[in-house]
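Here the structure is laid out as C-alpha coordinates; the discussion comes afterwards.
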Amino acid sequence: MGSTDEGYRHYPGKNPVTVISDITGHSTCIGEYVQFVQYFRDRYSRLSEIIRGRINARPIESLKRRSFRRGRDGGSEEISIIGMVSDVNSTTNGHKILSLEDPTGSFSVLIRNTDNELFELASRILLDEVIGVTGSVTNDGNLMLVTKLIQPDVPNNVQRRTGSHGKAVLISDVHVGSSQFMEDAWLDFLDFLKGESDSEPMRELAASIRYLVVAGDLVDGIGIYPDQEMELDILDVYAQYRKAAEYFREIPEHIRVIISPGNHDAVRQAEPQPALPESIQADFPQNIIFVGNPALVDLDGVRILIYHGRSIDDLVASIPGVSYQEPAGAVLEMVKRRHLAPTYGSRVSISPEKKDYFVIDPLPEIIHTGHVHTLGVQRYKNILLVNSGTWQAQTEFQKRVNLMPVPARVPIVDLADFDVKILGFD
Ligand code: D5M
Ligand code: ZN
Ligand code: FE
(Lines give C-alpha, C1' and ligand atoms only; values in the text may rest on other atoms or scores of the structure.)
(Ligands and ions follow the chains in the order given, each with its own letter.)
Protein backbone atom coordinates (compact mmCIF):
# COMPACT_ATOMS: atom_id res chain seq x y z
CA MET A 1 0.00 0.00 0.00
CA GLY A 2 1.19 3.52 -0.75
CA SER A 3 -0.39 6.91 -0.28
CA THR A 4 -0.15 10.24 -2.06
CA ASP A 5 -0.35 13.89 -1.05
CA GLU A 6 -4.13 13.90 -1.55
CA GLY A 7 -4.33 11.19 1.08
CA TYR A 8 -5.39 8.53 -1.42
CA ARG A 9 -4.43 4.99 -0.53
CA HIS A 10 -3.07 2.97 -3.45
CA TYR A 11 -3.04 -0.80 -3.64
CA PRO A 12 -1.19 -1.63 -6.86
CA GLY A 13 -1.19 -4.97 -8.69
CA LYS A 14 -3.10 -6.72 -11.43
CA ASN A 15 -6.38 -5.65 -9.88
CA PRO A 16 -5.45 -2.26 -8.47
CA VAL A 17 -7.53 -0.31 -5.98
CA THR A 18 -7.31 3.33 -4.94
CA VAL A 19 -9.23 4.51 -1.90
CA ILE A 20 -10.21 8.09 -2.76
CA SER A 21 -12.34 9.13 0.21
CA ASP A 22 -12.70 7.36 3.54
CA ILE A 23 -12.91 8.56 7.17
CA THR A 24 -10.55 5.86 8.43
CA GLY A 25 -7.73 7.50 10.40
CA HIS A 26 -9.11 10.99 9.75
CA SER A 27 -11.86 11.42 12.34
CA THR A 28 -11.70 14.84 13.98
CA CYS A 29 -14.99 14.72 15.81
CA ILE A 30 -15.08 15.28 19.55
CA GLY A 31 -18.73 16.37 19.60
CA GLU A 32 -18.36 20.07 20.35
CA TYR A 33 -20.96 22.56 19.18
CA VAL A 34 -18.51 24.36 16.88
CA GLN A 35 -18.01 21.07 15.02
CA PHE A 36 -21.70 20.87 14.13
CA VAL A 37 -21.43 24.37 12.71
CA GLN A 38 -18.35 23.40 10.72
CA TYR A 39 -19.98 20.20 9.47
CA PHE A 40 -23.10 21.97 8.19
CA ARG A 41 -20.96 24.73 6.61
CA ASP A 42 -19.08 22.11 4.63
CA ARG A 43 -22.33 20.43 3.59
CA TYR A 44 -23.86 23.75 2.55
CA SER A 45 -20.84 25.07 0.70
CA ARG A 46 -20.27 21.90 -1.33
CA LEU A 47 -23.92 21.28 -2.23
CA SER A 48 -24.69 24.93 -2.95
CA GLU A 49 -21.66 25.04 -5.27
CA ILE A 50 -23.22 22.26 -7.36
CA ILE A 51 -26.46 24.27 -7.66
CA ARG A 52 -24.75 27.64 -8.18
CA GLY A 53 -23.82 26.93 -11.77
CA ARG A 54 -27.52 26.62 -12.66
CA ILE A 55 -29.10 29.63 -10.95
CA ASN A 56 -27.92 33.11 -10.18
CA ALA A 57 -28.45 33.04 -6.43
CA ARG A 58 -27.94 35.84 -3.96
CA PRO A 59 -27.27 35.72 -0.22
CA ILE A 60 -30.44 35.52 1.89
CA GLU A 61 -29.31 38.55 3.87
CA SER A 62 -29.70 40.73 0.78
CA LEU A 63 -33.42 39.87 0.52
CA LYS A 64 -34.17 41.60 3.77
CA ARG A 65 -32.28 44.79 2.97
CA ARG A 66 -33.54 45.63 -0.49
CA SER A 67 -36.89 46.81 -1.66
CA PHE A 68 -37.93 44.96 -4.76
CA ARG A 69 -38.48 46.55 -8.10
CA ARG A 70 -41.87 46.09 -9.64
CA GLY A 71 -41.84 44.19 -12.91
CA ARG A 72 -43.83 45.32 -15.95
CA ASP A 73 -46.69 42.98 -15.10
CA GLY A 74 -47.02 44.51 -11.66
CA GLY A 75 -45.38 41.52 -9.94
CA SER A 76 -42.01 41.95 -8.29
CA GLU A 77 -38.79 40.76 -9.92
CA GLU A 78 -37.72 37.11 -9.73
CA ILE A 79 -34.78 36.29 -7.55
CA SER A 80 -33.05 33.08 -6.45
CA ILE A 81 -31.57 31.78 -3.22
CA ILE A 82 -29.86 28.55 -2.21
CA GLY A 83 -30.52 27.26 1.27
CA MET A 84 -30.55 24.29 3.58
CA VAL A 85 -34.08 23.27 4.52
CA SER A 86 -34.48 23.96 8.26
CA ASP A 87 -38.23 23.54 8.51
CA VAL A 88 -41.07 22.06 6.46
CA ASN A 89 -44.69 23.08 7.13
CA SER A 90 -48.09 23.05 5.49
CA THR A 91 -50.48 26.02 5.61
CA THR A 92 -54.14 25.57 6.53
CA ASN A 93 -54.92 25.78 2.79
CA GLY A 94 -52.55 22.90 2.05
CA HIS A 95 -49.66 24.90 0.56
CA LYS A 96 -46.08 24.13 1.61
CA ILE A 97 -43.82 26.50 3.50
CA LEU A 98 -40.11 25.73 3.70
CA SER A 99 -37.59 27.63 5.79
CA LEU A 100 -34.28 27.98 3.98
CA GLU A 101 -30.99 28.88 5.61
CA ASP A 102 -27.68 30.01 4.19
CA PRO A 103 -24.68 31.35 6.14
CA THR A 104 -26.18 34.89 6.04
CA GLY A 105 -29.72 34.28 7.26
CA SER A 106 -32.98 32.42 6.82
CA PHE A 107 -36.11 32.97 4.74
CA SER A 108 -39.52 31.35 4.31
CA VAL A 109 -40.65 30.24 0.88
CA LEU A 110 -44.14 29.21 -0.19
CA ILE A 111 -44.97 26.52 -2.74
CA ARG A 112 -48.62 26.65 -3.74
CA ASN A 113 -50.58 23.47 -4.37
CA THR A 114 -52.07 24.99 -7.51
CA ASP A 115 -48.89 24.17 -9.43
CA ASN A 116 -49.02 20.37 -9.42
CA GLU A 117 -45.54 19.56 -10.66
CA LEU A 118 -43.83 22.02 -8.36
CA PHE A 119 -45.95 21.00 -5.40
CA GLU A 120 -45.22 17.32 -5.99
CA LEU A 121 -41.49 18.06 -5.95
CA ALA A 122 -41.85 20.22 -2.81
CA SER A 123 -43.65 17.36 -1.06
CA ARG A 124 -40.54 15.23 -1.44
CA ILE A 125 -38.16 17.77 0.07
CA LEU A 126 -36.46 16.59 3.25
CA LEU A 127 -35.17 18.43 6.29
CA ASP A 128 -31.50 19.49 5.93
CA GLU A 129 -31.22 18.97 2.18
CA VAL A 130 -29.84 21.88 0.15
CA ILE A 131 -32.04 23.30 -2.62
CA GLY A 132 -32.23 26.32 -4.87
CA VAL A 133 -35.48 28.28 -5.36
CA THR A 134 -36.52 31.06 -7.69
CA GLY A 135 -39.54 33.30 -7.12
CA SER A 136 -40.78 36.73 -6.16
CA VAL A 137 -40.81 38.21 -2.69
CA THR A 138 -44.15 39.42 -1.29
CA ASN A 139 -44.74 43.13 -0.64
CA ASP A 140 -44.01 42.88 3.05
CA GLY A 141 -40.65 41.29 2.20
CA ASN A 142 -41.20 38.25 4.39
CA LEU A 143 -42.06 35.43 2.02
CA MET A 144 -40.99 34.17 -1.38
CA LEU A 145 -43.58 32.75 -3.77
CA VAL A 146 -41.68 29.98 -5.49
CA THR A 147 -41.91 29.38 -9.25
CA LYS A 148 -38.96 27.02 -9.58
CA LEU A 149 -37.25 24.60 -7.22
CA ILE A 150 -34.05 22.69 -7.98
CA GLN A 151 -32.01 20.02 -6.28
CA PRO A 152 -28.26 19.60 -6.86
CA ASP A 153 -28.84 16.46 -8.98
CA VAL A 154 -26.59 15.31 -11.82
CA PRO A 155 -26.03 16.93 -15.23
CA ASN A 156 -27.71 15.11 -18.12
CA ASN A 157 -24.48 14.70 -20.02
CA VAL A 158 -22.44 13.14 -17.24
CA GLN A 159 -19.71 11.04 -18.81
CA ARG A 160 -18.97 7.59 -17.60
CA ARG A 161 -15.38 6.43 -17.59
CA THR A 162 -14.77 3.39 -19.72
CA GLY A 163 -11.80 1.30 -20.72
CA SER A 164 -11.81 -1.08 -17.80
CA HIS A 165 -12.49 -4.80 -18.07
CA GLY A 166 -13.55 -7.80 -16.01
CA LYS A 167 -16.23 -8.09 -13.38
CA ALA A 168 -17.03 -6.83 -9.89
CA VAL A 169 -19.27 -8.84 -7.58
CA LEU A 170 -21.37 -6.77 -5.17
CA ILE A 171 -22.67 -8.22 -1.91
CA SER A 172 -23.71 -6.98 1.55
CA ASP A 173 -25.41 -8.08 4.76
CA VAL A 174 -23.77 -11.46 5.13
CA HIS A 175 -24.64 -11.56 8.87
CA VAL A 176 -22.23 -14.37 9.80
CA GLY A 177 -23.16 -15.62 13.27
CA SER A 178 -26.92 -15.18 12.82
CA SER A 179 -29.00 -18.33 13.08
CA GLN A 180 -30.68 -17.11 9.89
CA PHE A 181 -27.34 -16.94 8.03
CA MET A 182 -27.82 -19.14 4.94
CA GLU A 183 -24.59 -21.06 5.09
CA ASP A 184 -25.39 -23.59 2.36
CA ALA A 185 -26.15 -20.86 -0.17
CA TRP A 186 -23.05 -18.95 0.95
CA LEU A 187 -20.83 -22.03 0.48
CA ASP A 188 -22.28 -22.50 -3.02
CA PHE A 189 -21.34 -18.89 -3.74
CA LEU A 190 -17.78 -19.50 -2.48
CA ASP A 191 -17.58 -22.60 -4.73
CA PHE A 192 -18.62 -20.42 -7.66
CA LEU A 193 -15.91 -17.85 -6.83
CA LYS A 194 -13.37 -20.69 -6.63
CA GLY A 195 -14.31 -21.74 -10.18
CA GLU A 196 -15.85 -24.99 -9.00
CA SER A 197 -19.26 -24.66 -10.65
CA ASP A 198 -20.62 -27.58 -12.67
CA SER A 199 -21.17 -25.50 -15.79
CA GLU A 200 -18.45 -24.19 -18.07
CA PRO A 201 -20.06 -20.71 -18.55
CA MET A 202 -20.18 -20.27 -14.76
CA ARG A 203 -16.52 -21.24 -14.47
CA GLU A 204 -15.65 -18.76 -17.22
CA LEU A 205 -17.67 -16.07 -15.46
CA ALA A 206 -15.84 -16.78 -12.19
CA ALA A 207 -12.50 -16.47 -13.96
CA SER A 208 -13.42 -12.94 -15.11
CA ILE A 209 -14.07 -11.68 -11.58
CA ARG A 210 -11.50 -9.13 -10.42
CA TYR A 211 -13.23 -7.54 -7.43
CA LEU A 212 -15.66 -8.47 -4.66
CA VAL A 213 -17.18 -5.58 -2.71
CA VAL A 214 -18.95 -6.02 0.64
CA ALA A 215 -21.18 -3.08 1.64
CA GLY A 216 -21.51 -3.74 5.36
CA ASP A 217 -22.98 -6.09 7.96
CA LEU A 218 -20.36 -8.78 7.45
CA VAL A 219 -21.37 -10.31 10.80
CA ASP A 220 -24.56 -10.12 12.88
CA GLY A 221 -22.75 -8.67 15.90
CA ILE A 222 -24.16 -8.73 19.40
CA GLY A 223 -26.47 -6.38 21.28
CA ILE A 224 -27.57 -4.65 18.09
CA TYR A 225 -31.29 -5.07 18.86
CA PRO A 226 -33.25 -6.43 21.84
CA ASP A 227 -33.28 -10.24 22.21
CA GLN A 228 -30.79 -10.69 19.37
CA GLU A 229 -29.15 -13.59 21.31
CA MET A 230 -32.25 -15.67 20.56
CA GLU A 231 -31.33 -15.60 16.88
CA LEU A 232 -27.54 -16.05 17.10
CA ASP A 233 -25.53 -19.20 16.37
CA ILE A 234 -22.23 -17.56 17.37
CA LEU A 235 -22.54 -15.48 20.52
CA ASP A 236 -19.10 -13.86 20.48
CA VAL A 237 -18.51 -11.08 17.97
CA TYR A 238 -14.80 -11.93 17.57
CA ALA A 239 -15.72 -15.56 16.91
CA GLN A 240 -18.17 -14.28 14.26
CA TYR A 241 -15.32 -12.44 12.54
CA ARG A 242 -13.03 -15.46 12.83
CA LYS A 243 -15.71 -17.52 11.07
CA ALA A 244 -16.08 -14.81 8.42
CA ALA A 245 -12.28 -14.75 7.95
CA GLU A 246 -12.33 -18.52 7.46
CA TYR A 247 -14.86 -18.10 4.64
CA PHE A 248 -12.91 -15.26 3.02
CA ARG A 249 -9.71 -17.34 3.02
CA GLU A 250 -11.52 -19.63 0.54
CA ILE A 251 -11.81 -16.83 -2.02
CA PRO A 252 -9.12 -17.09 -4.71
CA GLU A 253 -6.25 -14.70 -4.09
CA HIS A 254 -6.52 -12.99 -7.48
CA ILE A 255 -9.89 -11.50 -6.47
CA ARG A 256 -9.42 -8.21 -4.63
CA VAL A 257 -11.97 -7.98 -1.83
CA ILE A 258 -13.11 -4.68 -0.34
CA ILE A 259 -14.93 -4.75 3.00
CA SER A 260 -16.86 -1.76 4.32
CA PRO A 261 -18.74 -1.93 7.66
CA GLY A 262 -22.43 -1.56 8.52
CA ASN A 263 -24.55 -1.08 11.62
CA HIS A 264 -24.03 -4.69 12.78
CA ASP A 265 -20.23 -4.47 12.57
CA ALA A 266 -17.76 -3.89 15.41
CA VAL A 267 -17.03 -0.20 14.80
CA ARG A 268 -18.67 2.95 16.14
CA GLN A 269 -22.36 3.27 15.22
CA ALA A 270 -22.07 6.94 14.28
CA GLU A 271 -21.42 7.46 10.57
CA PRO A 272 -19.05 7.90 8.82
CA GLN A 273 -17.76 4.63 10.28
CA PRO A 274 -14.05 3.77 10.14
CA ALA A 275 -12.75 0.47 8.78
CA LEU A 276 -12.85 -2.60 11.04
CA PRO A 277 -10.07 -2.52 13.67
CA GLU A 278 -6.65 -4.02 12.94
CA SER A 279 -7.24 -6.75 15.52
CA ILE A 280 -10.11 -8.06 13.39
CA GLN A 281 -8.38 -7.39 10.04
CA ALA A 282 -5.43 -9.54 11.17
CA ASP A 283 -7.45 -12.76 10.73
CA PHE A 284 -8.26 -11.99 7.10
CA PRO A 285 -6.05 -12.77 4.10
CA GLN A 286 -3.86 -10.28 2.22
CA ASN A 287 -6.18 -9.80 -0.76
CA ILE A 288 -8.67 -7.92 1.43
CA ILE A 289 -8.81 -4.14 1.72
CA PHE A 290 -10.74 -2.65 4.63
CA VAL A 291 -12.41 0.72 4.12
CA GLY A 292 -14.84 2.90 6.07
CA ASN A 293 -18.54 3.55 5.50
CA PRO A 294 -19.08 5.40 3.24
CA ALA A 295 -16.01 5.05 1.02
CA LEU A 296 -15.25 6.14 -2.52
CA VAL A 297 -12.98 3.63 -4.20
CA ASP A 298 -11.45 3.39 -7.67
CA LEU A 299 -11.37 -0.12 -9.15
CA ASP A 300 -8.90 0.17 -12.03
CA GLY A 301 -10.62 3.23 -13.51
CA VAL A 302 -14.18 2.67 -12.29
CA ARG A 303 -15.24 4.64 -9.24
CA ILE A 304 -17.60 2.94 -6.85
CA LEU A 305 -19.21 4.68 -3.89
CA ILE A 306 -19.85 2.15 -1.14
CA TYR A 307 -22.42 2.98 1.54
CA HIS A 308 -24.16 0.54 3.85
CA GLY A 309 -27.44 2.43 3.42
CA ARG A 310 -28.86 3.04 6.85
CA SER A 311 -30.46 6.25 5.58
CA ILE A 312 -32.66 4.14 3.27
CA ASP A 313 -34.87 3.47 6.32
CA ASP A 314 -35.40 7.26 6.60
CA LEU A 315 -35.97 7.77 2.89
CA VAL A 316 -38.58 4.99 2.76
CA ALA A 317 -40.35 6.56 5.73
CA SER A 318 -40.39 10.10 4.37
CA ILE A 319 -40.53 10.14 0.56
CA PRO A 320 -43.78 9.07 -1.13
CA GLY A 321 -43.24 6.16 -3.53
CA VAL A 322 -39.89 5.05 -2.11
CA SER A 323 -40.12 1.47 -0.84
CA TYR A 324 -38.10 -1.43 0.54
CA GLN A 325 -39.12 -3.48 -2.50
CA GLU A 326 -37.22 -1.12 -4.82
CA PRO A 327 -34.24 0.03 -2.75
CA ALA A 328 -32.37 1.49 -5.73
CA GLY A 329 -35.18 4.07 -5.88
CA ALA A 330 -34.03 5.32 -2.48
CA VAL A 331 -30.47 5.59 -3.77
CA LEU A 332 -31.77 7.62 -6.71
CA GLU A 333 -33.24 10.08 -4.19
CA MET A 334 -29.79 10.34 -2.61
CA VAL A 335 -28.26 11.14 -5.99
CA LYS A 336 -30.80 13.92 -6.66
CA ARG A 337 -29.73 15.46 -3.35
CA ARG A 338 -26.06 14.56 -3.99
CA HIS A 339 -26.07 13.30 -0.40
CA LEU A 340 -26.15 9.82 1.14
CA ALA A 341 -27.95 10.78 4.37
CA PRO A 342 -29.79 14.08 3.87
CA THR A 343 -31.69 14.33 7.16
CA TYR A 344 -29.59 14.88 10.26
CA GLY A 345 -30.56 13.23 13.53
CA SER A 346 -32.97 10.62 12.25
CA ARG A 347 -32.11 6.93 12.16
CA VAL A 348 -28.59 7.67 10.97
CA SER A 349 -26.46 9.03 13.74
CA ILE A 350 -24.05 11.38 11.96
CA SER A 351 -20.76 12.33 13.51
CA PRO A 352 -20.04 15.99 12.62
CA GLU A 353 -16.66 15.67 10.92
CA LYS A 354 -14.92 18.68 9.36
CA LYS A 355 -15.69 17.30 5.94
CA ASP A 356 -19.12 15.94 5.03
CA TYR A 357 -18.24 12.44 3.81
CA PHE A 358 -21.85 11.90 2.66
CA VAL A 359 -21.71 14.48 -0.14
CA ILE A 360 -21.74 12.63 -3.48
CA ASP A 361 -18.90 14.48 -5.22
CA PRO A 362 -17.11 13.55 -7.39
CA LEU A 363 -19.76 11.45 -9.09
CA PRO A 364 -18.97 7.74 -9.14
CA GLU A 365 -19.82 5.32 -11.95
CA ILE A 366 -21.45 2.92 -9.45
CA ILE A 367 -23.19 3.40 -6.10
CA HIS A 368 -23.37 0.23 -4.03
CA THR A 369 -25.62 0.04 -0.97
CA GLY A 370 -27.19 -2.70 1.16
CA HIS A 371 -28.80 -2.70 4.62
CA VAL A 372 -32.45 -3.26 3.69
CA HIS A 373 -31.87 -6.86 2.53
CA THR A 374 -33.63 -6.44 -0.82
CA LEU A 375 -32.06 -6.40 -4.26
CA GLY A 376 -32.40 -3.48 -6.63
CA VAL A 377 -30.65 -2.32 -9.80
CA GLN A 378 -31.38 0.98 -11.54
CA ARG A 379 -29.57 3.37 -13.81
CA TYR A 380 -29.78 7.11 -13.42
CA LYS A 381 -28.00 9.43 -15.85
CA ASN A 382 -25.12 7.06 -16.49
CA ILE A 383 -24.71 6.09 -12.83
CA LEU A 384 -25.38 2.47 -11.94
CA LEU A 385 -27.25 2.07 -8.64
CA VAL A 386 -27.08 -1.36 -7.02
CA ASN A 387 -28.53 -2.37 -3.68
CA SER A 388 -27.28 -5.86 -2.97
CA GLY A 389 -29.48 -8.26 -0.99
CA THR A 390 -28.43 -10.43 1.92
CA TRP A 391 -27.34 -13.88 3.09
CA GLN A 392 -29.72 -13.84 6.03
CA ALA A 393 -33.20 -15.38 5.87
CA GLN A 394 -36.11 -13.46 7.40
CA THR A 395 -35.59 -12.65 11.10
CA GLU A 396 -38.35 -12.46 13.74
CA PHE A 397 -38.20 -8.67 13.64
CA GLN A 398 -38.49 -8.61 9.86
CA LYS A 399 -41.48 -10.97 10.08
CA ARG A 400 -43.21 -8.54 12.42
CA VAL A 401 -42.68 -5.58 10.08
CA ASN A 402 -43.39 -7.65 6.98
CA LEU A 403 -39.96 -7.12 5.42
CA MET A 404 -39.35 -9.83 2.81
CA PRO A 405 -35.60 -10.21 2.33
CA VAL A 406 -34.06 -11.22 -1.00
CA PRO A 407 -31.27 -13.58 0.08
CA ALA A 408 -28.48 -15.29 -1.85
CA ARG A 409 -28.85 -13.28 -5.08
CA VAL A 410 -25.65 -11.72 -6.37
CA PRO A 411 -25.32 -8.82 -8.82
CA ILE A 412 -22.19 -9.02 -11.00
CA VAL A 413 -21.19 -5.84 -12.80
CA ASP A 414 -19.24 -5.87 -16.06
CA LEU A 415 -16.69 -3.09 -15.60
CA ALA A 416 -16.41 -2.52 -19.36
CA ASP A 417 -20.08 -1.88 -20.21
CA PHE A 418 -21.80 -1.80 -16.78
CA ASP A 419 -24.08 -4.64 -17.72
CA VAL A 420 -25.43 -6.38 -14.59
CA LYS A 421 -26.08 -10.11 -14.25
CA ILE A 422 -27.83 -11.53 -11.20
CA LEU A 423 -26.86 -15.00 -10.02
CA GLY A 424 -28.98 -16.99 -7.55
CA PHE A 425 -27.46 -19.37 -5.01
CA ASP A 426 -30.57 -20.32 -3.02
O1 D5M B 1 -31.35 -4.21 8.77
C2 D5M B 1 -32.16 -4.89 7.88
C3 D5M B 1 -33.47 -4.15 7.68
O4 D5M B 1 -34.35 -4.43 8.76
C5 D5M B 1 -33.33 -2.65 7.65
O6 D5M B 1 -34.32 -2.12 6.79
C7 D5M B 1 -33.64 -2.21 9.06
C8 D5M B 1 -34.60 -3.26 9.52
N9 D5M B 1 -34.41 -3.62 10.92
C10 D5M B 1 -33.84 -4.76 11.38
N11 D5M B 1 -33.89 -4.82 12.72
C12 D5M B 1 -34.49 -3.70 13.14
C13 D5M B 1 -34.88 -3.18 14.42
N14 D5M B 1 -34.67 -3.84 15.58
N15 D5M B 1 -35.49 -1.98 14.45
C16 D5M B 1 -35.76 -1.32 13.32
N17 D5M B 1 -35.44 -1.76 12.10
C18 D5M B 1 -34.83 -2.93 12.00
P19 D5M B 1 -29.97 -4.78 9.29
O20 D5M B 1 -29.27 -3.62 9.89
O21 D5M B 1 -29.21 -5.32 8.16
O22 D5M B 1 -30.32 -5.84 10.29
ZN1 ZN C 1 -28.12 -6.35 7.32
FE1 FE D 1 -27.64 -3.04 8.13
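The values are calculated or read from the model by the stated rules, or taken from the named source; none is laboratory data. Not measured: the values here are computed from a predicted model. Counting neighbours? That spans all protein chains shown, and the Cβs are built from the backbone with ideal geometry, glycine included. These area figures cover heavy atoms from the full protein model, side chains too; ligands, DNA and RNA do not enter into them. Shrake-Rupley method; radii C 1.70, N 1.55, O 1.52, S 1.80 Å.
Per-structure values
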| read-out | value |
| --- | --- |
| Solvent-accessible area, 1.4 Å probe, carbon plus sulfur percent, for the chain | 48 percent |
| Relative contact order (percent, whole number), the chain, Cα cutoff 8 Å, 6+ residue spacing | 19 percent |
| Loop-exposed GluC sites (Glu not before Pro) per DSSP, neighbour cap 13 Cβ within 10 angstrom, longest uninterrupted part of the chain | 254-426 |
| Principal-axis tilt of helix 327-337 within the chain, Cα atoms, nearest 10 degrees | 40 degrees |
| Lys148-Arg160 pseudo-label distance in nm [points 7 Å out on the Cα-to-Cβ vector] | 2.9 nm |
| Whole-Å distance, taken between Cα centres, linking the range 154-232 and the range 325-359 | 23 Å |
| Where labels lie 7 Å past Cα in the beta-carbon direction, separation of Ala416 and Glu200 in nm | 1.9 nm |
| Mean accessible surface per residue for the range 307-373, computed with a 1.4 Å probe while every protein chain stays in place, in Å² | 27 Å² |
| Per residue value of the accessible surface for the range 46-150 (all protein chains in place, 1.4 Å probe), Å² | 52 Å² |
| Crossing angle, helix 237-248 versus the chain [Cα axis fit, 0-90 degrees, rounded to tens] | 70 degrees |
| Fraction of antiparallel bridges per DSSP, the chain only, in percent to nearest 5 | 70 percent |
| Simple label model, 7 Å out from Cα along Cβ direction - Phe36 to His10, nm | 4.2 nm |
| Reach of Lys64 by Cα under 16 Å, taken over aspartates and glutamates that are not fewer than 8 positions away in the same chain | Glu77, Glu78, Glu101, Asp102, Asp140 |
| Signed unit charges on C-beta, dipole axis of the range 46-150, positive-most listed residue Val88, Ser99, Ser76 | Ser76 |
| Distance histogram in 10 Å bins (all Cα pairs of the range 82-150, percent per bin) | 21, 61, 17, 0 |
| Cα-based helix-to-principal-axis angle, 33-52 vs the chain, degrees rounded to 10 | 80 degrees |
| Selected from Gly25, Gly166, Gly301 as most flexible by GNM, with the chain as the system and alpha-carbon contacts under 10 Å | Gly25 |
| Subset of Lys96/Lys148; Lys194/Lys381; Lys167/Lys381; Lys243/Lys399 violating a 23 Å alpha-carbon distance limit | Lys194/Lys381; Lys243/Lys399 |
| Segment His26-Glu61, extension gain: residue separation times 0.36 nm, minus the distance between their alpha carbons | 9.1 nm |
